[in-house]
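*Asks:* Structure below; questions to follow.
No lab work stands behind these numbers, since they all come straight from the coordinates. Note that the coordinates shown come from a computational prediction; the quantities given were computed from them, not determined experimentally. Backbone-built Cβ (ideal geometry, glycine too); neighbour counts: all protein chains shown.
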Amino acid sequence: MPTLVADKKAKIFAEFGGKETNTGSIEAQIALLTERITHISKHLQQNKKDFSSNRGLLQLVGERKSLLTYLSKNNLQGYRGLIEKLGLRK
């Protein structure tokens, strides 16, 4: 399973982090994790017995959850905007 292409990562960082070099912003990290989660979810719909990818998906979801919790405690307006932008928590 290929990882995300550098161009796509740069686009995500530019959109959510402000600029391409701002790879440490919480919003950009959450957006990148969300992209990886959707990619692995599509893979698992076709390959139901791929248990190692399923474990990796659960780890990514847990990491994203902890980052979202941190963001909600420190920047509630940014949290709400990011949730709406990414389409999470319907």
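*Asks:* Compute the helix-to-body angle for 26-46: its Cα long axis versus the longest principal axis of the chain, expressed 0 to 90° and rounded to tens.
*Replies:* Tilt of helix 26-46: around 20 degrees.
*Asks:* Here's a follow-up. Could you tell me, in Å, what Rg and Dmax come out for the Cα atoms of the chain?
*Replies:* Cα only, the chain: 13.7, 40 Å (Rg, Dmax).
*Asks:* I've got another one for you. Of the cross-linked pairs Lys9/Lys73; Lys48/Lys85; Lys19/Lys48; Lys19/Lys49, which ones have a Cα-Cα span greater than 32 Å in the structure shown? Please list the in-between numbers first.
*Replies:* Values: Lys9/Lys73 26 Å; Lys48/Lys85 29 Å; Lys19/Lys48 37 Å; Lys19/Lys49 39 Å.
Correct reply: Lys19/Lys48; Lys19/Lys49.
*Asks:* Just name one of Phe51, Ala10, Ala28: the one whose Cα is farthest towards the positive end of the charge dipole of region 1-64 (beta-carbon charges, Lys/Arg +1, Asp/Glu -1).
*Replies:* Working it through, the farthest residue towards the positive pole turns out to be Phe51.
*Asks:* Next up: At Asn75 and His39, where each label point lies 7 Å from the Cα along Cα→Cβ, what is the point-to-point distance in nanometres?
*Replies:* Here the answer is 2.4 nm between the modelled labels.
*Asks:* How charged is the neighbourhood of Leu68? Take every other residue with its Cβ under 12 Å from the Cβ of Leu68, and add Lys/Arg as +1 and Asp/Glu as -1.
*Replies:* Working: positive: Arg64, Lys65, Lys73, Arg80, Arg89; negative: Glu27, Glu63.
Charge balance near Leu68 sits at +3.
*Asks:* With an 8 Å cut-off on Cα pairs and a minimum separation of 6 or more residues, tell me the relative contact order of region 18-73 in percent. Write down the numbers at each step before the final one.
*Replies:* Values: 20 pairs, mean separation 23.1, N = 56.
Contact order relative to length: 41 percent.
*Asks:* With +1 on each Lys and Arg Cβ and -1 on each Asp and Glu Cβ, how big is the dipole of the chain about its Cα centre, in debye rounded to the nearest 20?
*Replies:* Details: 16 positive and 8 negative charges, 68 e Å.
Charge dipole, the chain, about its Cα centre: 320 debye, nearest 20.
*Asks:* Before rounding to the nearest 500, sum -39500 (n - 2.57) across all DSSP H runs of length at least 4 in the chain and divide by the residue total; then give [θ] at 222 nm in deg cm²/dmol.
*Replies:* Helices in the chain give a 222 nm mean residue ellipticity of -25500 deg cm²/dmol.
*Asks:* While we're here: Can you list the trypsin sites (Lys or Arg not before Pro) in region 1-40 that are in a DSSP coil and have 13 or fewer other beta carbons within 10 angstrom? Provide the component values of the computation, followed by the final result.
*Replies:* Numbers: sites: Lys8, Lys9, Lys11, Lys19, Arg36; in loops: Lys19.
For trypsin sites (Lys or Arg not before Pro) across region 1-40 that sit outside H, G, I, E and B with at most 13 neighbouring Cβ atoms in 10 Å, the list reads Lys19.
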